[in-house]
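Read the figures in this text as sums done on the coordinates, not as results from a lab. Given the structure is predicted, the values throughout are model-derived calculations rather than measurements. FYI the Cβ positions are ideal-geometry reconstructions off the backbone, even for glycines, and counts take in every protein chain you see.
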Amino acid sequence: MNRPLIIEHIQNAYHSLKITRLRTVLTTAGVAIGVATITTVLSLSGGVTQVIAGQVTALGGNITVVRPGTPTKGLEGFTNPTTEQTYTTSTITEQDYDNILDIKGVESAAPLMIINSSLKSSSNTVRNGTIVATTPDLADIAQLPLRDGQFIDSVTNKNTAVIGTKLSIDLFGTDQPIGQTFTAGGQQFTIIGVFKTMNNPINFNSVDFDHAAVLSLEGGKSFHQGIAQIQQIDIKAKSKKDLPDVIKRVDASLTNSHLGEKDFSILSGNAIAQPANRFFAAITFIMTLIAGISLVVGGVGIMNIMLVGVAERTREIGLRKAVGASNGNIIVQFLVESLIISAFGGLLGYIGGYAIAFMISTFLTFNPAFSWQVVLAAFGTSIIVGGVFGLYPALRAARKDPIESLRHYH
Amino acid sequence: MAKKKTPTPPVIELRGLTKRYGMGDAEQTALDTIDLQIEKGEFIAIMGPSGCGKTTLLNILGLLDRASDGEYFLDGKTIERMSAARHARIRSQQIGFVFQSFNLINRLSVIENVALPLAYKGMSRMRRLKQASDSLKNFHLSEREYYMPWQLSGGQMQRVAIARALVNDPSIILADEPTGNLDSKASHIIMEELSDLHKRGNTIIMVTHNPDLTTYASRVIRMLDGQIDSDTKIPIKIEDPAAKVSLSSRRTKPTKPAKKTKLKAKKK
């Protein structure tokens, strides 16, 4: 061969697919559905990761967090997340927080003690409200903007609280709650500040500050017999450059104080997003599984239709061989056809998947992510499906005996 | 291709060619130690009753099938040890097939059908269509170029098939009952075309049942039970002037020699 026949094969495939238009469209749809599911899922979960990674970068890229529990990796991370330990005692102690503050290169740190409690004002009750007990540094590390009043600081009373605008409206029916009081865990807290609406429920603190009340660490400890139950420590390094060293030192220090037991994990960069989108990760896993099944079904559809095509064109195959087509030419001819079906299905699925993702995202606070990984996943899987399921029919076509094929009648 | 080596070996040489089907008790010998030499420019008619092995011989000559035993030299080269891919290339470059049932691809237009063998030679689409168009012109089918096969009569389809067999300028043309599906009028037109090709120097091997058609051939091989029963060379072609006149009057246009030379020049 002086010249690859790929253009001829594509033209040829185009012709034969056009003639069997209906079944081509149906087979394409089979692949498109699978790819659409993958695209939707990946773009949405990518969106979550992007939101959090974006926050970390926006905050200077010098943030790392310590969470209780051993780091989870791979599939286990989806199916058996160990980071959330609502009903057990956290492995991170107030002592750890104090130690971290002394580590070289750490500019500031803030512990987060997250308490689920119902909040009562004189008029309303918010069940399952979120209370975050922390230190004044959190406002700086997480850059929580205040609309009115002040954040907790070293001199504020432990019975003071800063709340989010939406919680304020839920509790008091107004967004001007300063000076009002609410009761939680049998104690009364006075509101000294209110956050700006952030509309940012997905963040690396896993707290929707619009719906949360922030107390001092002392205030939080009173919910747990004076012991801090720290779910996360946010650490801000002096600069982005220092971050890897800071992580190493924090790791060494905590391992030492935990007597060599690695019952914590230190996360930075995109990994911070992982537990926060645990919910999405679980959905991603299940949906990817479904998408995988539907892709296999789509692939079986391709194989089926290609086998029909090969049987229908037995004489053509015989003739092509008689006029000089090698087995390789025949394989490529049919493989190109199945690849065109699957690639076209991939394209439609990709577009359709984003359309669905955008429709879903109107109910969410973030947009689906556009990334080359999604493109790769969509087209990679469709091409693989087309190749794998198209190969057998193509081989079968190539193996046909030309004499038998030419004798074949329809 | 073979034209340049005229003084050297015959186009086809078979030595003790044998083809067996089945195995053990069910073994059947389709071809029994056939020795045969075919020179360039011969028009051979292979005759014989059904099942005598004519088609098997043609398939082996066309490299669609492999012999069980014996040797086959094509243009002086043995083909036994060549790969399937090499066989495909020889089919593409040196062999043109004409079938009883035409075997045109229905979803391709006439010109695309004719251009098909050229694709496997790796020619660009433009050049393919141009060459196919030239080939069709020789068979007076220029105005049918963009017809679909099912819009043609049987005789026209077979002419398209011959145009296809010739488009890549093969050194041998193999025809398996080329007139088997045609009425006598169309048969004669087809045979005139083949005879014309023969006069232009092409080697043609034709399998037929019809003894009338042997009048066009330069050599008649009769086969019986897988063996060559008789091999008659017809040194001077028997011309039937009356038939010739009536046939040419039926044709739309006589073949112009000027065009032929032009076509040959283009192919070079």
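Once label points are set 7 Å from the Cα along Cα→Cβ at both residue A:227 and residue A:311, what is their separation, rounded to one decimal in nm?
Those two pseudo-labels are separated by 7.1 nm.
Along the charge dipole of the protein assembly as shown, pointing to its positive end and built from +1/-1 on Cβ of Lys, Arg, Asp and Glu, which listed residue (B:146, A:290, A:57) has its Cα farthest out?
B:146
Suppose we keep just the DSSP beta bridges with both residues in segment A:92-262; what percent of those would be antiparallel, to 5?
Once the DSSP bridges in segment A:92-262 are tallied, antiparallel ones form about 75 percent.
Would you work out which of A:93, A:228, A:180 lies farthest towards the positive end of the dipole of segment A:92-262, given +1 charges on the beta-carbon of Lys and Arg and -1 on that of Asp and Glu, about the Cα centre?
It is A:180.
Could you list which residues have their amide H under 5 Å from that of residue A:112, counting only those 5 or more apart in sequence or on another chain, with H placed in the peptide plane?
A:231, A:232, A:233, A:234
Measuring from label point to label point, each 7 Å out along Cα→Cβ, what is the residue A:263 to residue A:376 span in nm?
Simple spin-label model gives 3.9 nm for this pair.
Less than 14 Å Cβ to Cβ from residue B:36, Lys/Arg counted +1 and Asp/Glu -1: what total charge do the surrounding residues give?
On the way: positive: B:15, B:19, B:54, B:219, B:222, B:233; negative: B:13, B:32, B:35, B:39, B:42, B:71, B:229, B:231.
Here the count lands on -2.
Quick one: helix A:278-312 against the long Cα principal axis of chain A, what's the angle to the nearest 10°, folded into 0 to 90?
0
Take residue A:128 and residue A:22, extend 7 Å from each Cα along the Cα→Cβ direction, and tell me the distance between the two endpoints in nm.
5.0
Take every residue in peptide A:323-333, count the Cβ atoms of other chains within 10 Å of its Cβ, and give the average of those counts.
Per residue, the average neighbour count from other chains is 6.
Within chain A, what is the longest stretch that has no chymotrypsin sites (Phe, Trp or Tyr not before Pro) placed in a DSSP loop and near at most 16 other beta-carbon atoms within 10 Å?
Counting only loop sites that pass the neighbour cut-off, the longest clear stretch is A:88-362.
On the first, second and third principal axes, largest extent first, how far apart are the outermost C-alpha atoms of segment A:92-262 in Å?
50, 33, 29
Going down the table (B:19/B:77; B:121/B:185; A:166/A:238; A:400/B:19; A:158/A:196), which pairs top 25 Å between alpha carbons? Spell out each step's value before the answer.
Details: B:19/B:77 20 Å; B:121/B:185 35 Å; A:166/A:238 33 Å; A:400/B:19 20 Å; A:158/A:196 22 Å.
Where the Cα-Cα span goes over 25 Å, the pairs concerned are B:121/B:185; A:166/A:238.
Hey, what's the per residue convex hull volume over the C-alpha atoms of the protein assembly as shown, in cubic angstrom?
Taking the convex hull of the Cα positions in the protein assembly as shown, it is 235 Å³ per residue.
Rank A:343, A:58, A:369 by mean-square fluctuation in a GNM of chain A with C-alpha springs under 10 angstrom and give only the top-ranked residue.
Highest fluctuation among the options: A:58.
Given R₀ = 51 Å, what would the calculated FRET efficiency be for residue A:282 paired with residue B:151, taking r from the Cβ atoms and rounding to 0.05?
The pair residue A:282/residue B:151 has a calculated efficiency of 0.25.
What's the center-to-center distance, using Cα atoms, between segment A:284-343 and segment B:5-60 in Å?
That distance is 38 Å.
Once each part is reduced to its C-alpha centroid, what is the distance from segment B:63-118 to segment B:187-219 in angstrom?
20
Under 12 Å from the Cβ of residue B:113, count the other residues' Cβ atoms, weight Lys and Arg +1, Asp and Glu -1, and hand me the total.
That works out to +3.
Name the most mobile residue of A:259, A:144, A:119, meaning the one with the largest mean-square fluctuation, in a Gaussian network model of chain A with Cα contacts below 10 Å.
Maximum among the listed residues: A:259.
Which residues in segment A:326-344 place their backbone N less than 15 Å from a point set 7 Å from the Cα of residue A:383 along the Cα-to-Cβ direction?
Zone members listed by number: A:336-344.
Quantify how strongly other chains surround peptide B:117-128 by giving the mean number of their Cβ atoms within 10 Å of each of its Cβ atoms.
Across B:117-128, the average partner-chain Cβ count within 10 Å equals 4.
Express in nm, to one decimal, how much length is gained between residue A:407 and residue A:104 on full extension, taking 0.36 nm for each residue of separation and deducting their alpha carbon distance.
100.6 nm
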